[in-house]
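The values are calculated or read from the model by the stated rules, or taken from the named source; none is laboratory data. As the structure is a prediction and not an experimental result, all values here were calculated from the model. Neighbour counts run over all protein chains shown; Cβ positions are idealised from the backbone, glycine included. SASA here: full protein model, heavy atoms, side chains in, ligands and nucleic acids out. Shrake-Rupley method; radii C 1.70, N 1.55, O 1.52, S 1.80 Å.
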Amino acid sequence: MTDCQGDGEGAKSPMELYERLTEQGNKVRSLKTAKAEKAEIDTAIQLLLKLKVDYKQMTGQDYKAGSPPSENSVAPDNGPAADGADDDDTVDPWNVSTTNAKGVDYDKLIVRFGSSKVDKELVDRIEKVCGQKPHRFLRRGIFFSHRDMHQVLDAYEKHKSFYLYTGRGPSSEAMHVGHLIPFIFTKWLQDVFDIPLVIQLTDDEKYLWKDLTLEECNRFAVENAKDIIACGFDVNKTFIFSDLDYMGASPEFYRNVVKIQKCVTFNQVKGIFGFTDSDCIGKISFPAIQAAPSFSSSFPQIFRGRKDIQCLIPCAIDQDPYFRMTRDVAPRIGYTKPALLHSTFFPALQGAQTKMSASDANTSIFLTDTPKQIKNKINKHAFSGGKDTVEEHRKHGGNADVDVSFMYLTFFLEDDEQLEKIRQDYTSGALLTGELKKILTETLQPMIAAHQERRKQVTEDTVKQFMTPRPLNVNF
């Protein structure tokens, strides 16, 4: 049961409400660390969201950890907020939640993060430059936001190449389908632009944040690498590395980490990431480690010491705080700012209010699931936008915008016309929820079975080949 003291209604000043917010944020983190019951964590998160709304109503500003309000921070009284106008979305590298059944408001997030929208003009330009039909993730707005993508294309048109960097935090042995999204898109980028790729496995981060041993985190990194390799990356153009292994073997990488650390204060990382005085110093210093692969000089074996090769980072938007920090530091240490392409979140089976979790088997479809498990999870747990009865559904139709099965099809069904036909049939009532779930099941079962077959071909020697520091087949 949640302590009533956390409710913001009794706060007499912005500072009191700010302090309650900070306390509630710490409570949510503590519950997650202690692996409390999901219901208790969800209740605590909902209270945190309510406090954030109260804080914005009182001060006119979004709550930001580490940035207390000024003494005169009081919002003007403009009457009651319009329905849905409150910013209920929580998006950071560790928490994603919203009260909206359609999911996070990504247009608001672009404004809040200060990025740029991936519009039709940019999609058309990518098609023109690479000479290939844009990936479905671009066509459908799944990769919806960017930083400096036009600059990358300008340079590419002048025969100045770039490299790709993405990553994975290996918190478990098995990955779920949501984890594939950045890798599917990154492989497409690697293929159409014919460029090198570095993939960071942050086993050190998971050791610092999770109740896991170093050995477990490192083993998970190797197991996750097998799933990543099974996506079909070119071994001659791809370097996968574990932080626990690579940082000690690469003086150049560690030197860049130290350069970044010197440019960022403790107060800044508290403001960016919400760290508190009770967090271990490993967490506070970690962002510099995730930033370092953004600079080509961190990989002298690949780029032969060059510092001027720009990096493009495809990632989910919750990772953006790391790279806002990186872009701020880059010119101060003589490096080029990395560019970014941001993706939306892959929703949990229960709905788009949060993303899939590797720690809750029923929220996710794992890459190890059998065809029967996939079918059962979709039929039992996938949130439906359909009506309560067949009669009502036939008459009024379903809501594809909140239906998880349809959302999943937007990620994995290649044919745009088929997808639009499914949307029309579902919203008109011609297609029932069970029939929509059947289409999703028949889409995912062969896709995951094919991935499992490719993974079986990945041997320990294959992993070693990808993870050994070495020159890649690149021309710069």
**Study point:** Flag for Lys375 being modelled with pLDDT of 95 or more, among the basic types (Lys, Arg) and out of contact with any Cys (no Cβ under 7 Å at 6 or more places or on another chain)
**Key:** yes
Review point. Among the residues of segment 238-254 satisfying the criterion of being of a type in the set (Phe, Trp, Tyr) and open to solvent by less than 70 Å² (accessible area, probe 1.4 Å), which is nearest to Phe466 (Cα to Cα)?
Key: Phe239
Check your understanding: Taking helices (runs of 4 or more DSSP H) that do not extend beyond segment 324-431, which have at least 1 residues that are of a type in the set (Gly, Ala, Ser)?
Key -> 404-412, 416-428
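So that you can scan it fast, the table gives a plain yes or no per residue for (1) aromatic (Phe, Trp, Tyr); (2) touching a residue at least 24 places away in the same chain (Cβ under 8 Å); (3) more than 17 Å from Ala339 (Cβ to Cβ):
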position: Glu121; (1), (2), (3): no, no, no
position: Ile142; (1), (2), (3): no, yes, yes
position: Ala155; (1), (2), (3): no, yes, no
position: His159; (1), (2), (3): no, no, yes
Point to revise | Set Val222, Val257, Val269, Val235: member being among the β-branched types (Val, Ile, Thr) and either in a loop (DSSP other than H, G, I, E, B) or open to solvent by 60 Å² or more (accessible area, probe 1.4 Å) (or both) | key: Val235
Revision key, fill the gap. Residue count, segment 400-415, condition modelled with pLDDT of 95 or more and open to solvent by 60 Å² or more (accessible area, probe 1.4 Å), comes to 2
Review point. Which of the residues belonging to segment 380-398 are open to solvent by 60 Å² or more (accessible area, probe 1.4 Å) and polar (S, T, N, Q)?
Key: none
Revision key, fill the gap. Listed by first then second residue, the pairs whose first member lies in segment 251-263 and is modelled with pLDDT of 95 or more, whose partner is not in a helix (DSSP H, G or I), with beta carbons under 6 Å and at least 6 positions apart or on separate chains, are Asn256/Phe295
Review point. Which of the strands (runs of 3 or more DSSP E) contained wholly in segment 110-214 include at least 1 residues that are touching a His at 6+ places or on another chain (Cβ under 9 Å)?
Key: 143-147, 162-168
Review point. Among (1) open to solvent by less than 20 Å² (accessible area, probe 1.4 Å); (2) touching a strand residue (DSSP E or B) at 6+ places or on another chain (Cβ under 6 Å), which single condition is Met467 missing?
Key: (1)
Check your understanding: Which condition number does Asp211 fail, the rest of (1) within 23 Å of Arg29 (Cα to Cα); (2) over 22 Å from the mean Cα position of the chain (by Cα) being met?
Key -> (2)
Check your understanding: In segment 53-66, what residues are of a type in the set (Phe, Trp, Tyr) and either outside any helix (DSSP H, G or I) or surrounded by fewer than 19 Cβ atoms within 10 Å (Cβ to Cβ) (or both)?
Key -> Tyr63
Review point. Scanning for something closer than 19 Å to Ile333 by Cβ and touching a strand residue (DSSP E or B) at 6+ places or on another chain (Cβ under 8 Å), does segment 270-293 turn up at least one residue?
Key: yes
Review point. Do we find that Ala292 is surrounded by 20 or more Cβ atoms within 10 Å (Cβ to Cβ), out of contact with any Pro (no Cβ under 9 Å at 6 or more places or on another chain) and part of a helix (DSSP H, G or I) in this structure?
Key: yes
Check your understanding: Does segment 36-52 hold any residues that are closer than 13 Å to Arg20 by Cα and surrounded by fewer than 17 Cβ atoms within 10 Å (Cβ to Cβ), and which are they?
Key -> none
Review point. What residue, of Ile448, Ile422, is free of Cβ contacts under 8 Å to residues at least 24 places away in the same chain, open to solvent by less than 70 Å² (accessible area, probe 1.4 Å) and among the hydrophobic types (A, V, I, L, M, F, W, C)?
Key: Ile422
Point to revise | Top-ranked residue of segment 449-473 - restricted to ones that are among the β-branched types (Val, Ile, Thr) and either touching a helix residue (DSSP H, G or I) at 6+ places or on another chain (Cβ under 7 Å) or assigned to a helix (DSSP H, G or I) (or both), ranked as farthest from Met175 (Cα to Cα) | key: Thr462
Practice item. Those residues that are modelled with pLDDT under 95, of a type in the set (Gly, Ala, Ser) and open to solvent by 30 Å² or more (accessible area, probe 1.4 Å), I need them from segment 144-195; list them, please. Key: Ser161, Ser171
